[in-house]
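> Would you mind keeping the following structure in view while I ask a few things?
All of the numbers you see were taken from the coordinates with simple rules; none came from a lab. These figures come from a predicted structure and were not determined experimentally. Cβ placement follows ideal geometry from the backbone for every residue including glycine, while neighbour counts extend to all protein chains displayed.
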Amino acid sequence: GTHRTLQKCLNEWEKSPSPLVPLPADLHNLLPPMSLGESSMIAPTTTAATTTATADTQFVFPPVPFRGPKMITFDGDQTLYSDGANFEGNPQLANYLYLLLRYGVTLAVVTAAGYEYNVEKYEMRLSGLLAYFKAMNLPAEDCERFYLFGGECNYLLKLGSDYKLHAVKERGPGGWQTSTKYIEEAPGNWDENDIQSILNVAESCVRNSIKELKIRSGVIRKKRSVGMIPNEGQIIPREALDETVLRVQMELDRHASVTLPFCAFNGGRDVWIDIGNKRVGVHILASYLGIPHEETLHIGDQFLNTGNDFAARDICPCVWITCPNETTYILKSMLRLAGVPLDAYPADGTAYEEDGDNGGEDESCTIETAQNKLTGSVNEEKEANFLSCAQRNSMVNLEAIGSVGKSEN
């Protein structure tokens, strides 16, 4: 009976003509706690109702606590945007990220993209999202809770009130590397000789794989990573990518001189070996910001042992998705169950269908494809897709937020 009552309340609320209509009283009593730990009550950014205005509309944020994680970290490719693409043309996902920031949640993109502190390249990958924040006049105090960790855990950037990313100081008082040196595997404790030793072994192994497997590719070496990328016009078979990753992992694991954390992973089109991994990235960021690990959630698509989200399983609860539409649907479910109105407005004033993000698993994973699928039963489509996502997440011990899947299904 609880499920039917909850679903009825949610349906009535979403059909309300105004986004300012409060949740039914019965719904607040039925909503399962979204805590990833013992205490997850996050106060909104202001004590009074906050109003954000656009050219044609006005949206009011009611001062209700957010019942959910204090920090959510995201993979980049195939989680926030398509593999190899940029964050563009996904207003629903941008809206949900915006709402999370408004309700006091810290967000961070933890990505393998290692452009050092070349801020413009990171901003290009997130261009649509940053433009959305700017169009919605995201307050400065909310901007400061948006981070990006590049190179897995090597380059930390923070969003400023100008809606641009800025490098966070590494050393000295308040520096993120200095502040986290008490953690043994923290980047602040790494020795440059150890870094180069790992990269030397990794590069040698990659070159041997290219020769033995006759892979049509080249090798790139960066400051803290080594990559195998296909030659122009070539596609490296998935089996060759995985085989190279497994060879590098085995070679590095048996070297006694390798004492630093590393990540060798299949990037879908290429192979990369990074110094550090996402376990370190999430650990360092949570510690630097004073957020408990059990109150942190990581969302990504690479949770096999040849993927770079795999390591995050050791530090915090995780959600395993396959495309940005599933990320959109996960965030929508969290916001709904937390009692947050989902109605917000794109910068151009166009009304977007809230149910466009059906979380489908088709290969294209585009908003248009998702909207086309809505010609059938929306509830049935969502239930099937969310169940598939829940089955994957059972592999990464989502016991802390298992109630979300149960309530939705």
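> Taking the Cβ of GLU185 as the centre, find all other residues whose Cβ is under 14 Å away and add up their charges (Lys, Arg: +1; Asp, Glu: -1).
Net charge in that neighbourhood comes out at -3.
> Assuming a ≥ b ≥ c are the square roots of the Cα gyration tensor eigenvalues, decide whether the range 213-263 counts as rounded (a/c under 1.5), prolate (otherwise, with a/b larger than b/c) or oblate.
Details: a/c = 3.12, a/b = 1.68, b/c = 1.86.
Oblate, since a/c reaches 1.5 and b/c is not below a/b.
> Here's a follow-up. Under a Cβ-Cβ cut-off of 10 Å, what is the net charge of the residues other than ASP83 that fall near it, where Lys and Arg count +1 and Asp and Glu count -1? Mind showing how you got there, number by number?
On the way: positive: ARG269; negative: ASP77, ASP301.
Spelling it out: positives minus negatives among the neighbours equals -1.
> Return the distance in nm (one decimal) between the two label points of a simple spin-label model at LEU342 and ASN86, each offset 7 Å from Cα along Cα→Cβ.
2.8
> A follow-up question, please. Gain in length, ALA167 to TYR117, computed as 0.36 nm per residue apart minus the alpha-carbon separation, to one decimal in nm? Working shown, then result.
On the way: separation 50, 0.36 × 50 = 18.00 nm, distance 0.66 nm.
This chain segment gains 17.3 nm when fully extended.
> Now, a different point. Please work out whether the range 130-192 counts as rounded, prolate or oblate from its C-alpha gyration tensor, where a ≥ b ≥ c are the square roots of the eigenvalues and a/c under 1.5 means rounded, while otherwise a/b larger than b/c means prolate and anything else oblate? Please list the in-between numbers first.
Working: a/c = 3.36, a/b = 2.43, b/c = 1.38.
Since a/c reaches 1.5 and a/b is larger than b/c, the shape of the range 130-192 is classed as prolate.
> Can you give me the C-alpha center-to-center distance between the range 282-312 and the range 250-268, rounded to a whole angstrom?
Cα centres, the range 282-312 to the range 250-268: 18 Å.
> Here is a follow-up. Let me make sure I get this right: for the range 190-324, a, b and c are the square roots of the gyration tensor eigenvalues over alpha carbons, sorted descending. Under 1.5 in a/c it's rounded, otherwise prolate if a/b > b/c, else oblate. Which is it? Don't skip to the end; give the middle numbers.
Numbers: a/c = 2.34, a/b = 1.42, b/c = 1.65.
Taking the square roots of the gyration eigenvalues as a ≥ b ≥ c, the range 190-324 is oblate.
> Here is a follow-up. Which FRET efficiency value, to the nearest 0.05, is calculated for ARG269 and SER204 with the Förster distance at 22 angstrom and r the Cβ-Cβ distance?
Numbers: r = 22 Å, r/R0 = 1.01.
Efficiency for this residue pair is about 0.50.
> If I model a spin label at ASN137 and HIS293 as a point 7 Å from the Cα along the Cα→Cβ vector, what separation in nanometres do I get?
Those two pseudo-labels are separated by 4.2 nm.
> Which net charge results when you count Lys and Arg as +1 and Asp and Glu as -1 among the other residues whose beta-carbon is under 10 Å from that of LEU100? Provide the component values of the computation, followed by the final result.
On the way: positive: ARG102, ARG145; negative: ASP142.
Local charge sum for LEU100: +1.
> Could I ask something else about it? How big is the gap, in Å, between the Cα center of the range 101-128 and the Cα center of the range 167-197?
For the range 101-128 versus the range 167-197, the Cα centre distance is 20 Å.
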